[in-house]
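Right, one structure below, let's go through it.
The values are calculated or read from the model by the stated rules, or taken from the named source; none is laboratory data. Remember, it's a predicted structure, so these values are computed and weren't measured experimentally. Ideal geometry is used to build each Cβ from the backbone, glycine not excepted, and the neighbour counts take in all protein chains shown. Side chains are part of the model used for accessible areas, which takes the heavy atoms of the whole protein and leaves out ligands, DNA and RNA. Shrake-Rupley method; radii C 1.70, N 1.55, O 1.52, S 1.80 Å.
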Amino acid sequence: VHAMRTDLEHRDIATWLPPASAVAVCVDKWKFSRVLRDAGIPTPATDLGDAAAVEGPWVVKPRFGRGSRDVYLVDDPMELAWACRRTPEPVVQTRAPGREFTADLLIDRAGRTAACVPRWRVETKSGISTKGETFADHAVDDAVARTVDVVGLRGAANLQGFRDDDGVCVLEVNPRF
């Protein structure tokens, strides 16, 4: 659809898509972690290919992936190499503490968060939240706004993270409903 954007605009068909540069950051878990880290937004310690600079327990997942495919939760350091070998282009992250949430977002064309509906992930299937409970939290709202700004998102998106007594940790953003 991004390739058709100019043609659609010439036909006076409005689109509300995220910029291709924002999508490129969001779909690359390694790049996303670097962008957030460099902006000072809390995100798990992340390494590409191994856990040399990452404390456990760990999550090993594909650099480019979605859902829960090829995602391994690793507690034993002896299992890390095995998980990395089984995962295409593995990214290794410290497992985030706290309670997992998803925030459904609508970002206006100026980059302002027009709507943010965070919900606790009560039940998930294949990485997709199937049961949730909405909540309000200023720290989550702040982390969402900062992430949207630094990534350059527009349109619909959902952000995934964890919340504990120490704050919010952002894991990823899916630039879509």
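Per residue, how much accessible area does the chain have with a 1.4 Å probe, in Å²?
56
Taking the mean number of other Cβ atoms within 10 Å as a proxy for protection, how do you rank 157-170, 40-53 from highest to lowest?
Packing order, densest peptide first, comes out as 157-170, 40-53.
Once the piece of chain linking Glu55 and Ser126 is laid out straight, how much longer is it, given 0.36 nm per residue of separation minus the C-alpha distance between them?
23.0 nm
Given the options Ala143, Thr46, Trp30, identify the residue whose Cα lies farthest towards the positive end of the charge dipole of region 1-153 (+1 on Cβ of Lys, Arg; -1 on Cβ of Asp, Glu).
Towards the positive end, the residue furthest out is Trp30.
Give me the percent of the accessible area of region 1-114 that comes from carbon and sulfur atoms, probe 1.4 Å, all protein chains in place.
Its accessible area is 55 percent carbon and sulfur atoms.
Can you work out the Karplus-derived ³J(HN,Hα) for every residue in region 60-72? Use 6.51 cos²θ - 1.76 cosθ + 1.60 with θ = phi - 60°, whole Hz, and x for glycine or proline.
10, 8, x, 4, 10, x, 8, x, 9, 5, 6, 9, 10
For Rg and Dmax of the Cα atoms in Å, the listed values are [x] 17.2, 52; [y] 15.3, 48; [z] 16.8, 58; which was obtained by calculation from the structure presented?
[z]
About the Cα centre of the chain, how large is the charge dipole given +1 on each Lys and Arg Cβ and -1 on each Asp and Glu Cβ? Please answer in debye to the nearest 20.
580
Among Leu17, Pro62, Val74, pick out the residue whose Cα is farthest towards the positive end of the charge dipole of the chain, where Lys and Arg carry +1 and Asp and Glu carry -1 on C-beta, about the Cα centre.
Leu17
Spelling out what I want: for every residue of region 24-36, take phi, set θ = phi - 60°, compute 6.51 cos²θ - 1.76 cosθ + 1.60 (Karplus), and round to whole Hz; glycine and proline get x.
Values, residue by residue: 4, 5, 5, 7, 9, 4, 5, 4, 4, 5, 5, 4, 5 Hz.
Rounded to whole Å, give me the distance from the Cα center of region 31-107 to that of region 110-177.
One Cα centre to the other: 17 Å.
Counting helices only, and only those DSSP H runs with n ≥ 4, report the 222 nm mean residue ellipticity of the chain as the sum of -39,500 (n - 2.57) divided by its residues, in deg cm²/dmol to the nearest 500.
-7500 deg cm²/dmol
Have a look at Pro90, Pro118, Pro77 and tell me which one the Gaussian network model of the chain (Cα, springs below 10 Å) gives the largest fluctuation.
Largest GNM mean-square fluctuation: Pro77.
Please sort 127-137, 20-30 by packing, taking for each peptide the average over its residues of neighbouring beta carbons within 10 angstrom, highest first.
By packing density, highest mean first, the sequence is 20-30, 127-137.
Quick query: amide H of Thr43 versus all other amide H atoms, modeled in the peptide plane; which residues come in under 5 Å with a sequence gap of 5 or more or a different chain?
When sequence neighbours closer than 5 places are left aside, the close amide H contacts are Val170.
State, to one decimal in nm, how far the label point of Arg85 lies from the label point of Ala114, with both points 7 Å from Cα in the Cβ direction.
It works out to 5.1 nm between the two label points.
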